[in-house]
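The numbers here are math on the coordinates, done by the rules we state, and not lab data. Quick caveat, the model's predicted, so the values are computed rather than measured. Glycine gets a Cβ as well: all are built from the backbone with ideal geometry, and neighbour counts include every protein chain shown.
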Amino acid sequence: MTDAEIRDLLLRTRRIALVGASNKPARLSYHVMDFLLRQGFDVTPVNPGLAGQEILGQRVVASLDEAAPLDMVDLFRNSALVEEPVRDAIRLGAKSVWMQLGVINEDAARQAREAGLNVVMDRCPAIEIPRLGIMNG
């Protein structure tokens, strides 16, 4: 996606399901979730192993079904494990799938694009938002 397309996508996004959320402050997913919350996004952490707990004041859910409705699915998962949450994102009517730095799965990206979703791959919104000058607060 071009910078303009990514900017537009981020400006249209409100509800984000963060798959692979961690309650460990040393983890990148924790920092990205904190950043997104501070930017005003409604972030639902998704992690079956932590379901029912809270991360940064947000209740953790076990599945994307519990996070719906959503605009974006932000994936902190091994590249080989993203096809299932991408299929769930498609089924649940998400508008976009964002695969974090190092997460690259062309088959999953193709499936999402063919279903009409925007796909960002191998990037981080916590880097892109300040880089594109769309910081809140």
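For region 3-131, calculate the relative contact order in percent as a whole number, restricting contacts to Cα pairs under 8 Å that are 6 or more residues apart.
22 percent
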Completion exercise
Dividing the helical contributions, -39500 (n - 2.57) per DSSP H run of n ≥ 4, by the residues of the chain yields a 222 nm value, nearest 500 deg cm²/dmol, of -10000 deg cm²/dmol
Fill in the blank from the handout: Taking every alpha carbon pair in the chain and sorting the distances into 10 angstrom bins from 0 up to the bin holding the longest one, the percent per bin comes out as 13, 49, 34, 4
Fill in the blank from the handout: The set of residues whose placed amide H lies less than 5 Å from the amide H of Thr44, leaving out same-chain residues fewer than 5 positions away, is Ile16, Ala17, Leu18
Handout entry: Highest to lowest packing among 52-58, 96-102, scored as the average C-beta count within 10 Å
Key = 96-102, 52-58
Problem - Shape parameters for region 64-125, alpha-carbon atoms, Rg then Dmax in Å - result: 10.1, 27
Problem - For the chain, size of Cβ-based charge dipole, Lys and Arg +1, Asp and Glu -1, in debye - result: 260 debye
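Tally the DSSP beta bridges in the chain and give the antiparallel ones as a percent, rounded to 5.
10 percent
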